[in-house]
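Q: Below is one structure. I have some questions about it.
Just so it is clear, none of the values below were taken in a lab; they were calculated from the coordinates. If you're wondering where the values come from, they're calculated on a predicted model, not measured in any experiment. Heads up, the Cβs are rebuilt from the backbone with ideal geometry, glycines too, and the neighbour counts pull from every protein chain shown.
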Amino acid sequence: MTGSSFPAWLAAQAAGREERGLTRRLAESDRGEPLLDLAGNDYLGLARDPRVVAGAVAAAHAYGAGATASRLVSGTLSIHTELERAMAAFTGFPSALVLSSGYHANLSVVQALADGDTLVVSDAHIHASMIDACRLARAAVTVTPHNDVAAVRHVLASRGQRRALVLAETIYSVLGDAAPVAALAGLAADYDAVLIADEAHALGVAGPGGRGLLAAEGLTGRPDVVATGTLSKSFGAQGGLVLGPPAVREHLVNRARPFIYDTGLAPAAAGGALAALRVLQAAPELAARAVGNAAALADACGAGPPAGAVLSVPMPGPREALAGVATAAGHGLRIGCFRPPSTPDGISRLRLTAHAHHTGEELALAVKVLRGIVPGAGR
Ligand SMILES: Cc1ncc(COP(=O)(O)O)c(C=O)c1O
């Protein structure tokens, strides 16, 4: 049958995507004219920092190119333990577990903490990795409107399941706004639930010296608060983190399939992340600088003050968003955009990220170009 056999149906789907302006394409960002990066998540500019690269190189020399096995077999290296201790001490959590990506961190914590008698209460704008985590856990899931504390309370109060997890991002990856973490942690305590808060876009940027929003709210020592994070954004490397009580760490080591059946984090990534953490600890002002630069960009787009380094700018549709990206590129700027199906509310958006190392001159260029792209922004 035409159109239904393989690979004809792939071509039919591709044509449909093209027609709706939704085709995604991979582009090598290290080729062509270098662009000022307002799209990536290297918020502190550490991915190419010589101290961070040296940390990665030194770890590769010391431990090899790969961890060679899963953590429970022989893939736990002393650099993993050192990184876990350092991240726990930095954020104020009692313990940390390092995984091979932030994606794995979210899969692990939800899969291991949810069972057949658990309700997962998930914010409507939660990251795809948390959504996939719910599927992996096969848990009952209720999605609540974005940042709607009353809705979360209602769902927790009326649940039939014994246990509950509340999923949120402390700073949302696409919208760039902050979650009401203190209120959500309060609900977790009141309703015998666990708050799982993804700090991927907050660590290194938000909170005191970049310690994250949970640290800012004094929530890192709570028995019912677990954080996840990534080493691939502010820390400029690769890898994931779970932060929480030692009992959670112990449980994940024994029960989290995405941790147990995965090779340990590559030594170079661990060494790079550890070096990045040391750079941040020696220069805590980097965090505030990233947020300050985000405020300048937000002002240019007519948006309110940002919670972190991510800005979300609604556009009329996917084509306008793509046209904005192309115009920015023509002026030497790389900006990102999110279009359906990546946006749960169907709104196409430009996504801009601010970086601590951008100069005044670079920011001035960005401000000028953005004023010309964003509908309704002050010209
Ligand atoms: C909110 C959020 N959580 C998790 C992840 C996954 O992190 P990683 O890229 O380390 O797998 C990302 C990043 O892409 C993210 O934005």
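Q: Just how far, in whole angstrom, is segment 134-187 from segment 13-89 if you go by their alpha carbon centroids?
A: Each part reduced to its Cα centre gives a spacing of 29 Å.
Q: What percent does the relative contact order of segment 1-111 come to when contacts are Cα pairs within less than 8 Å and at least six residues apart? Each step should come with its number before you reach the end.
A: Numbers: 30 pairs, mean separation 9.3, N = 111.
Once divided by the residue count of segment 1-111, the mean separation gives 8 percent.
Q: DSSP beta bridges in segment 220-367, what fraction antiparallel, as a percent rounded to 5? Intermediate results must be reported in sequence, preceding the final value.
A: Values: 12 of 12 bridges.
About 100 percent, rounded to the nearest 5.
Q: Starting at 0 and stepping by 10 Å, how many percent of the alpha carbon pairs of segment 178-260 end up in each bin?
A: Per 10 Å bin, starting at 0, the Cα pair percentages come out as 18, 48, 31, 3.
Q: For segment 68-130, count the residues as N, evaluate 2.2 N^0.38 Å, and divide the Cα radius of gyration by that value, please. Display every interim value, and only then the final one.
A: Values: Rg = 14.3 Å, N = 63, 2.2 N^0.38 = 10.6 Å.
The value comes to 1.35.
Q: Right, next: For the chain, restrict the atom set to alpha-carbon positions and state the Rg and Dmax in Å.
A: Using the Cα atoms of the chain, the pair Rg, Dmax is 21.0, 64 Å.
Q: How many Å³ per residue does the convex hull of the Cα positions in segment 161-219 occupy?
A: Working: hull volume 4.1 nm³, N = 59.
In segment 161-219, the Cα hull volume divided by residue count equals 69 Å³.
Q: Taking 1 over the mean of 1/r across every pair of different Cα atoms in segment 154-292, what Kirkwood radius in Å do you get? Mind dumping the intermediate values first?
A: Details: mean 1/r = 0.0623 Å⁻¹.
Final number for the Kirkwood radius of segment 154-292 is 16.1 Å.
Q: Please give the net charge around G317, taking every other residue with its beta carbon less than 13 angstrom from that of G317, where Lys and Arg add +1 and Asp and Glu add -1. Spell out each step's value before the answer.
A: Numbers: positive: R20, R319, R339, R349; negative: E320.
After counting each charged neighbour, the total is +3.
Q: Also, quick follow-up: As an exercise, take the mean of 1/r over every pair of distinct alpha carbons in segment 40-103, invert it, and state the Kirkwood radius in angstroms.
A: Numbers: mean 1/r = 0.0743 Å⁻¹.
By the Kirkwood definition, the hydrodynamic radius is 13.5 Å.
Q: To check you understand DSSP bridge types, tell me what percent of the beta bridges within the chain (both residues inside) are antiparallel, rounded to 5. Before the final figure, lay out the partial values.
A: Numbers: 19 of 41 bridges.
Bridges in the chain that DSSP calls antiparallel: roughly 45 percent.
Q: Another question, if that's okay. For segment 125-166, what is the convex hull (Cα atoms) projected area averaged across all directions, in square nanometres?
A: On the way: hull surface 12.2 nm².
Convex hull of Cα atoms, orientation-averaged projection: 3.0 nm².
Q: How do the peptides 257-270, 195-208 rank, highest first, by the average count of neighbouring beta carbon atoms within 10 Å per residue? Show your work: numbers first, answer last.
A: Details: 257-270: 21.6, 195-208: 28.3.
Highest-to-lowest ranking by the protection proxy: 195-208, 257-270.
Q: About its Cα centre, what dipole magnitude does segment 1-131 give when the only charges are +1 on Lys and Arg Cβ and -1 on Asp and Glu Cβ, stated in debye to the nearest 20?
A: Values: 9 positive and 13 negative charges, 43 e Å.
In total the dipole reaches around 200 debye.
Q: Same structure again: If you place +1 on the Cβ of every Lys and Arg, -1 on the Cβ of every Asp and Glu, and leave all else neutral, what size is the dipole of segment 108-265 about its Cα centre, to the nearest 20 Debye?
A: Values: 12 positive and 15 negative charges, 58 e Å.
That gives a dipole near 280 debye.
Q: Roughly what would the spin-label model give for T359 and L26, points 7 Å off Cα along C-beta, in nm?
A: Label-label distance for T359 and L26, simple model: 3.4 nm.
Q: While we're looking at this one, here's another question. Taking the mean number of other Cβ atoms within 10 Å as a proxy for protection, how do you rank 139-151, 175-187, 6-18 from highest to lowest? Could the numbers behind the result be given before it?
A: On the way: 139-151: 16.8, 175-187: 20.5, 6-18: 10.5.
By packing density, highest mean first, the sequence is 175-187, 139-151, 6-18.
Q: Please state the relative contact order of segment 81-183 as a whole percent: Cα pairs under 8 Å, 6+ residues apart? Mind showing how you got there, number by number?
A: Numbers: 136 pairs, mean separation 26.2, N = 103.
Relative contact order, segment 81-183: 25 percent.
Q: In square nanometres and to one decimal, what's the mean projected area of the convex hull around the Cα atoms of segment 1-156? Intermediate values should be presented prior to the final figure.
A: Details: hull surface 65.6 nm².
Over all viewing directions, segment 1-156 projects a mean Cα-hull area of 16.4 nm².
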